[in-house]
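For reference, the structure is listed below as C-alpha cells.
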Amino acid sequence: MDYDQTTVPESYDAGREISDDKKREFIARFAQTIGTDAVDKIIDLGCGTGRFSGALADIFDANVLGVEPSSKMIERARAKHNDVRLRFHDAPGEALPVDDSSVDMIFMSMVLHHLAAPQKVALECWRALRSGGHVCIRNTVSDEVRSYPYLDVFPSIQAIIKRQLISRERLNGMFEELGFRVLAGETIWHEIAPNGHAFAEKIALRADSFVAQLPDREFEAGVEALRERALTAPEAVGLRVDLIVYELE
Ligand SMILES: C[S@@+](CC[C@H](N)C(=O)[O-])C[C@H]1O[C@@H](n2cnc3c(N)ncnc32)[C@H](O)[C@@H]1O
C-alpha cells in the first residue's frame, strides 16, 4: 500500500496510538532475547511516523536509522523526533541505504503485509546485517486472522486481511532459506483500546490500513455498529500479534 495515496498518515498517530509504556514493553521483549551490548546500529524498517524509533534508541542505547518510503509518514517522524541518535531516510526496505554487513539489528513493526515482495526485503536484511545480527518482527500473521476484533461489523475485511497477511510458516521459511534461524517466537495479546468506546473512535479515524481499504459505505456502517456495541462493551479490545526474532548464522 502506498501510504502517500491515502489519508492514513494524517490520522496514524491518533488512530494507532500506543502508550510509551507499551512501546517500551514490546522493545524490551526483543532486548531480553538478543541482549543490548552488541547492538549499536539499528534499522527501523518501514518506520512510518517513528512510533517505535525512540524506544529502540533508548532501550538498546543505540543509533537508529528509520527507513520509510512514504514522504507523508517520514515527515511526521522527522517533525516528532529531535534526538541525535535518530535519523530518517526516504527509501524502501528493498534498497536499504547501508553497506553490506553493517547493521546489528533490523526491526519491522506491522510492515510485512505492505510489501509487494517480502522475500526481497528479507534478502536485503540478509545483506545489511552482520553475522550474528537479528531481525525482530512485530506483526500479525494470517494464522491469527480471527483475532481481529471487527470481523463481524465489516463483512469484506476478513478477505482483505487474509490476502495480505503472511502465515507464520511462510515467514519462517522465507528467512530460514537465507540462513537465518528462528531464535524466538511468541504470540501476545495486544490491547488496542481500553474499552469499546475508545476502540470505535480509534477505528473511526480509519488509520488501520485494512479498514482504509473498505468501501466508504461498509466503513461507515461498521463504525456505527461498533459505536452501538460500545454502549455495552466496557472491556478492553485487542488482537493477537506475533513477536519473532531471526538470527543470522
Ligand atoms: C502500518 S505502518 C507501520 C509503521 C511503523 N513501523 C509502526 O509500527 O508504527 C506500515 C509502514 O510500512 C511502510 N511501507 C510500505 N511499503 C514499504 C516498503 N516497500 N519498504 C519499507 N516500508 C514500507 C508504509 O509506508 C508504512 O509507513
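Contact map, segment 201-218: first residue within 12 Å of Ile161 (Cα to Cα), second residue hydroxyl-bearing (Ser, Thr, Tyr) and not in a helix (DSSP H, G or I), Cβ cut-off under 8 Å, separation 6 or more or different chains; pairs are Ser209/Thr6; Phe210/Tyr148; Val211/Tyr150; Ala212/Thr6; Ala212/Thr7; Leu214/Ser156. Cβ-Cβ distances below 9 Å connect the following pairs, each with a first residue in segment 52-78 that is under 16 Å from Asp40 (Cβ atoms), a second residue that is polar (S, T, N, Q) and not in a helix (DSSP H, G or I), and a separation of six or more residues or different chains: Ala57/Asn63; Ile59/Thr36; Phe60/Thr36; Asp61/Thr36; Ala62/Thr36.
Of the residues making up segment 88-105, just one is out of contact with any helix residue (DSSP H, G or I) (no Cβ under 9 Å at 6 or more places or on another chain) and surrounded by 14 or more Cβ atoms within 10 Å (Cβ to Cβ), namely Ala91.
Within this structure, Val135 fails the test of being within 24 Å of Gly54 (Cα to Cα), within 15 Å of the ligand (Cβ to nearest atom) and free of Cβ contacts under 8 Å to residues at least 60 places away in the same chain. Kindly check whether there is at least one residue in segment 106-120 that is surrounded by fewer than 15 Cβ atoms within 10 Å (Cβ to Cβ) and of a type in the set (D, E, K, R). Scanning segment 106-120, I find at least one residue that is surrounded by fewer than 15 Cβ atoms within 10 Å (Cβ to Cβ) and of a type in the set (D, E, K, R), so the answer is yes.
Residues considered: Ser53, Ser70, Ser19. Of these, the only one that is among the polar types (S, T, N, Q) and surrounded by fewer than 18 Cβ atoms within 10 Å (Cβ to Cβ) is Ser19.
Here is the figure for segment 88-133: residues that are of a type in the set (Phe, Trp, Tyr) and closer than 27 Å to Arg24 by Cβ total 2. Considering segment 1-100, the qualifying strands (runs of 3 or more DSSP E), each wholly inside and each with 1 or more residues that are at pLDDT 95 or above, under 22 Å from Leu243 (Cα atoms) and within 12 Å of the ligand (Cβ to nearest atom), run over 41-45, 63-68.
Being within 29 Å of Gln5 (Cβ to Cβ), surrounded by fewer than 19 Cβ atoms within 10 Å (Cβ to Cβ) and among the polar types (S, T, N, Q) is true of Ser167.
For Ile137, the test of being modelled with pLDDT of 95 or more, farther than 15 Å from Glu247 by Cα and not in a helix (DSSP H, G or I) is failed.
Note on segment 160-249: enclosed helices (runs of 4 or more DSSP H) holding 1 or more residues that are under 27 Å from Arg24 (Cα atoms) and among the hydroxyl-bearing types (Ser, Thr, Tyr) are 209-212.
The values are calculated or read from the model by the stated rules, or taken from the named source; none is laboratory data. Quick caveat: nothing in here was measured; it's all calculated off a predicted structure. Note that each Cβ is placed from the backbone with ideal geometry, even for glycine, and that neighbours are counted across all protein chains shown.
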